[in-house]
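Every number in this text was worked out from the coordinates using simple rules, so none of it is lab data. Remember, predicted model here, so these are calculated numbers, not experimental data. Note that we place each Cβ from the backbone using ideal geometry, even for glycine, and neighbour counts take in every protein chain shown.
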Amino acid sequence: MFNTTEIKDVKVKLGQLVRRLRKQQKLTQVQMSHNLGVSRATLNNLEAGKNFTIDTLFKVLKELQLLETLDDELDRVSASLLGRPADRKSYDNPQAADKWSEPKPLY
């Protein structure tokens, strides 16, 4: 059978990663939530893989100094899927856009 990725499983993985990284930095949920400007319950929900907003996730990634890494990965994936340059300078340069190839089919 096919192995499908479920949203709830990804949320749990993200929560586990955040918890491990927070503890690695020797921060309590109270300390980190204070740094983020969110409630401890909000951070607890994220770590438990329960409902959380994308803004909360981005705040946590920024606090853990991972937001730039995610942004770089998005550029890389976009470049791969759309056939565009992966580096931000050419990605944001309208003159470089002429050199981009047409999007590649996903099939």
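Some observations on this one:
- Sparse-neighbourhood loop sites, chymotrypsin sites (Phe, Trp or Tyr not before Pro) in segment 1-89 - DSSP loop, at most 16 other Cβ within 10 angstrom: 2
- Residues 6, 63 arranged by fewest to most Cβ contacts within 10 Å: 6, 63
- Take every pair of alpha-carbon atoms less than 8 Å apart whose residues are at least six positions apart; their mean separation over the length of segment 7-65 yields a relative contact order of 41 percent.
- Spin-label pair residue 24-residue 9: with each label point 7 Å from Cα along the Cα-Cβ axis, the two points sit 2.3 nm from one another.
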